[in-house]
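*Asks:* Structure provided below as structure tokens; questions to follow.
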Amino acid sequence: MHILYNQPAEAYSTFRLHNMLSEVILIDELSDLAAVNTEQPPIIIGEGSNTVFLASQDRPLLRFLAKSRSVTAENAQYIELHVEAGHNWHELVTWAVTQQLWGLENLALIPGSVGAAPVQNIGAYGVEFADICRYVDFYDWTARKVRRLTGNECQFAYRDSIFKQQLQGKGIIVAVGLVLYRDPKPVLSYPGLDTLSASASLLKIYQQVIATRQAKLPDYKVIANCGSFFKNPVINLSHYQQLQDSYPQIPGFSLESGIKVPAAWLIDQAGFKGYKQDNVGCYERQPLVLVNYGGAEGSALLALIRLIRQQVLTRFQIVLEPEVRLLDRNGQHYVES
């Protein structure tokens, strides 16, 4: 265990607002979690690609760095993996592709750690983390032991899970169990991949996902950002049909819960592509990505969030919800009034 004090927040968030973190706890052994003081449970962070510190943090932060990967079962059809939470997600996807294992390729180039993946049930191009999850190992602060939750017990939903709901703040994800397949299982229905042949190789799909993402999304190492900032809203069919009367080109994807409308399209139609104010703005190629052009303040980001949400609500009667975790000084999730 290593404890660092008075750390610049830029090193722990890819949005890189200039704030300070009072205490950062780095742990690379599961056994060290027992020594963590939980009277004030720490804020759990991964690689910072989905977290924005709106202000300097008074609460301690904890990052779990253990990153081993092991095979727990395999046969001619599939392979099961146990992967510790500190493993980099894209590195795991790349390894799977080199081993000719199907299931992760559509999730290539998503930044962050393996431990962050179950929290918001990461997804892209028609595939979600839930599709390949066998279990999640969760260290419970109260019980002081690891609890294994099956995929069903994780209550995965669109960008949601039990870890964002009932278990938020009550522990830390330390490992996941995944199942990958030896036989081809291509998912090519989403724009960007739908031009590929049904017989496209695993490597080709992986490369196409990367090329598509790089064409639209800025590199956070060059332009500070946290990727897709808002969730794609899901509305009921009647609402969608009403919008079609005014906007015949409005895209929509059918789900069991309703029609998913791309937030990027809504923000673009509201006129925010390339918009900039007070050193924050919407990326010129993808308005769903909010960026920090340098020296931005948390108040400026909140003002932009508020403006975008108000304009989309007024025009489409749709409420946009941030997908990115926004933390105030006490480590509490910011909720727009």
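*Asks:* Just wondering, is there one or more residues in segment 212-219 that are surrounded by 14 or more Cβ atoms within 10 Å (Cβ to Cβ), at pLDDT 95 or above, out of contact with any helix residue (DSSP H, G or I) (no Cβ under 7 Å at 6 or more places or on another chain) and hydrophobic (A, V, I, L, M, F, W, C)?
*Replies:* Looking through segment 212-219, none of the residues is surrounded by 14 or more Cβ atoms within 10 Å (Cβ to Cβ), at pLDDT 95 or above, out of contact with any helix residue (DSSP H, G or I) (no Cβ under 7 Å at 6 or more places or on another chain) and hydrophobic (A, V, I, L, M, F, W, C).
Residues checked against (1) open to solvent by 70 Å² or more (accessible area, probe 1.4 Å); (2) aliphatic (A, V, I, L, M):
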position: Asp183; (1), (2): yes, no
position: Ser199; (1), (2): yes, no
position: Ile210; (1), (2): no, yes
position: Ile223; (1), (2): no, yes
position: Cys226; (1), (2): no, no
position: Tyr247; (1), (2): no, no
position: Ala263; (1), (2): no, yes
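*Asks:* Also, I was wondering about something else. Looking at segment 109-150, which of the residues that are open to solvent by less than 20 Å² (accessible area, probe 1.4 Å), touching a Lys or Arg at 6+ places or on another chain (Cβ under 7 Å) and assigned to a loop (DSSP other than H, G, I, E, B) is farthest from Leu188 (Cα to Cα)?
*Replies:* So the residue we want is Trp141.
*Asks:* Same structure, new question: Of all residues in segment 154-169, count the ones that are open to solvent by 50 Å² or more (accessible area, probe 1.4 Å) and in contact with an Asp or Glu (Cβ under 9 Å, 6 or more places away or on another chain).
*Replies:* 1
*Asks:* Condition first: assigned to a strand (DSSP E or B) and surrounded by fewer than 20 Cβ atoms within 10 Å (Cβ to Cβ). Now tell me which residues in segment 74-90 satisfy that.
*Replies:* Correct list: Glu74, Tyr78, Ile79, Glu80, His82, Asn88.
*Asks:* Can you name every residue in segment 173-196 that is of a type outside the set (Val, Ile, Thr) and at pLDDT 95 or above?
*Replies:* Ala175, Gly177, Leu178, Leu180, Tyr181, Arg182, Asp183, Pro184, Pro186, Leu188, Leu193, Leu196
*Asks:* Does segment 48-63 contain any residue that is within 30 Å of Arg182 (Cα to Cα), in contact (Cβ under 8 Å) with a residue 12 or more places away in the chain, within 22 Å of the chain's Cα centre (by Cα) and buried (at least 21 other Cβ atoms within 10 Å of the Cβ)?
*Replies:* Taking segment 48-63 as the starting set, the residues that turn out to be within 30 Å of Arg182 (Cα to Cα) are none.
No: zero hits.
*Asks:* In addition: Does at least one position in segment 195-212 carry a residue that is free of Cβ contacts under 8 Å to residues at least 40 places away in the same chain, of a type in the set (A, V, I, L, M, F, W, C) and part of a helix (DSSP H, G or I)?
*Replies:* Checked segment 195-212: at least one residue is free of Cβ contacts under 8 Å to residues at least 40 places away in the same chain, of a type in the set (A, V, I, L, M, F, W, C) and part of a helix (DSSP H, G or I).
*Asks:* In segment 1-16, which residues are hydroxyl-bearing (Ser, Thr, Tyr) and either in a strand (DSSP E or B) or touching a helix residue (DSSP H, G or I) at 6+ places or on another chain (Cβ under 8 Å) (or both)?
*Replies:* Of everything in segment 1-16, just one residue is hydroxyl-bearing (Ser, Thr, Tyr) and either in a strand (DSSP E or B) or touching a helix residue (DSSP H, G or I) at 6+ places or on another chain (Cβ under 8 Å) (or both), namely Tyr5.
*Asks:* With the checklist (1) closer than 26 Å to Ala124 by Cβ; (2) under 21 Å from the mean Cα position of the chain (by Cα); (3) not small (Gly, Ala, Ser) in hand, flag the one item Leu302 doesn't pass.
*Replies:* (1)
*Asks:* Check off (1) crowded, with 18+ Cβ neighbours inside 10 Å; (2) of a type outside the set (Ser, Thr, Tyr); (3) more than 18 Å from Ile45 (Cα to Cα) for Ile172 and give me the number that stays unchecked.
*Replies:* (3)
*Asks:* What are the residues in segment 307-337 that are aliphatic (A, V, I, L, M) and either closer than 25 Å to Gln40 by Cα or at pLDDT below 95 (or both), if any?
*Replies:* Selection gives Val324, Leu326, Leu327, Val335.
*Asks:* Taking the condition of being open to solvent by less than 50 Å² (accessible area, probe 1.4 Å) and acidic (Asp, Glu), how many residues in segment 24-47 meet it?
*Replies:* Looking only at that region, the number is 1.
*Asks:* For segment 19-43, how many residues are modelled with pLDDT of 95 or more and under 27 Å from Val289 (Cα atoms)?
*Replies:* Within segment 19-43, residues that are modelled with pLDDT of 95 or more and under 27 Å from Val289 (Cα atoms) number 3.
*Asks:* Here's something else I'd like to know. Answer yes or no as to whether Pro251 is assigned to a loop (DSSP other than H, G, I, E, B), surrounded by 21 or more Cβ atoms within 10 Å (Cβ to Cβ) and free of Cβ contacts under 8 Å to residues at least 60 places away in the same chain.
*Replies:* no
*Asks:* Hey, another quick one. What number of residues in segment 161-185 are touching a residue at least 60 places away in the same chain (Cβ under 8 Å) and in a loop (DSSP other than H, G, I, E, B)? Working first, answer last.
*Replies:* Taking segment 161-185 as the starting set, the residues that turn out to be touching a residue at least 60 places away in the same chain (Cβ under 8 Å) are 169-170, 172-185.
Now narrow it down to the ones that are in a loop (DSSP other than H, G, I, E, B): 169-170, 182-185.
Qualifying residue count for the region: 6.
*Asks:* I'd like the residue in segment 254-277 that is in contact with a Phe, Trp or Tyr (Cβ under 9 Å, 6 or more places away or on another chain), assigned to a loop (DSSP other than H, G, I, E, B) and at pLDDT 95 or above and, out of all such residues, is nearest to His239 (Cα to Cα).
*Replies:* Val261
The values are calculated or read from the model by the stated rules, or taken from the named source; none is laboratory data. The shown structure was predicted, so the numbers you read here are calculated from the model rather than taken from an experiment. Because the Cβ atoms are built from the backbone with ideal geometry, glycine has one as well, and the counts that use them run over all protein chains shown. Calculation scope for accessible area: heavy atoms of the full protein, side chains included, ligands and nucleic acids excluded. Shrake-Rupley method; radii C 1.70, N 1.55, O 1.52, S 1.80 Å.
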